[in-house]
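This report concerns only the one structure given below.
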Amino acid sequence: VGRLENTTTQQTCTGALIAPRYVLTAAHCIGALRDAEDATDARVLFRPGGVLGGATYTVVDGAMHPLFNQPFAQNFRKLRFDIAIFTLDQDVPEAVGVPMRVGEEARIGETLFLVSWRGGNPAPPRQRGCMVIEGVSGLVSVACKVAGGESGAPLFRKTQSGLELVAVLTSRSNQGQQPIGLATNVAIRLPPLERAVKAGEGS
């Protein structure tokens, strides 16, 4: 897990390695990449582990889920597809960061673990357990308060064989008096996104 940083605008998101050169995050975080493209000498960096002074990798491309920008009537439906892959300029060595394994969809009642940064706050990241609750159809609702900079943060399941990447945080909301986070299931949204990335590489 690491922090995505725009070197000009100070915008940040959180992302997780799913391959040595690919970082999974929220689709709306691509806005930071576009801002950087329009600014002189600006870059978007991926900082594994978020430690200031550590290794950084430059984002050279971004692909969002093919259905994210469709003109849906309801914003909650759009959030189901708020997932993207950033391509880095080089592979992240295993000694620096190991790609995460994708797990099955989130289950209501289980506790997932959110790893994230808030805005420009330096390392270490926030790590906390969030229970999956009944909520918006088609999204993963977790009983945790989230804030700016945490977009794209991974939600993990702890298993006997290690961590599984289950969902990507996309937004925040409230359920009555309970602040909640909204996320999208990786298992069902990632395959179309991976196809879009490969199609882009072939063009």
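The values are calculated or read from the model by the stated rules, or taken from the named source; none is laboratory data. The model shown is predicted, which means the values in this text are computed figures rather than measured ones. Don't worry about glycine lacking a Cβ; one is built from the backbone with ideal geometry, like all the others, and counts go over all protein chains shown. Calculation scope for accessible area: heavy atoms of the full protein, side chains included, ligands and nucleic acids excluded. Shrake-Rupley method; radii C 1.70, N 1.55, O 1.52, S 1.80 Å.
Observations, loosely collected:
- Residue within segment 116-137 that is surrounded by 15 or more Cβ atoms within 10 Å (Cβ to Cβ), within 16 Å of the chain's Cα centre (by Cα) and under 18 Å from residue 18 (Cα atoms) present: yes
- Within segment 188-201, if we keep just the residues that are more than 15 Å from residue 23 (Cα to Cα) and open to solvent by less than 70 Å² (accessible area, probe 1.4 Å), the residue that is modelled with the highest pLDDT turns out to be 192.
- Looking only at residues in segment 155-180 that are touching a Lys or Arg at 6+ places or on another chain (Cβ under 6 Å) and under 14 Å from residue 132 (Cβ atoms), the one that is surrounded by the most Cβ atoms within 10 Å (Cβ to Cβ) is 166.
- Long-range neighbours under 9 Å by Cβ, at least six apart or interchain, first residue free of Cβ contacts under 8 Å to residues at least 24 places away in the same chain within segment 176-203, second assigned to a helix (DSSP H, G or I) and not hydroxyl-bearing (Ser, Thr, Tyr): none
- In segment 118-136, the residues that are of a type outside the set (Asp, Glu) form Cβ pairs under 6 Å with partners that are at pLDDT 90 or above and open to solvent by 40 Å² or more (accessible area, probe 1.4 Å), at six or more places apart or across chains, as follows: 129/111; 129/113; 131/111; 132/108.
- Residues being open to solvent by less than 70 Å² (accessible area, probe 1.4 Å) and among the small types (Gly, Ala, Ser) - total across segment 56-102: 4
- Condition met for residue 151 (within 16 Å of the chain's Cα centre (by Cα) and either in a loop (DSSP other than H, G, I, E, B) or hydrophobic (A, V, I, L, M, F, W, C) (or both)): yes
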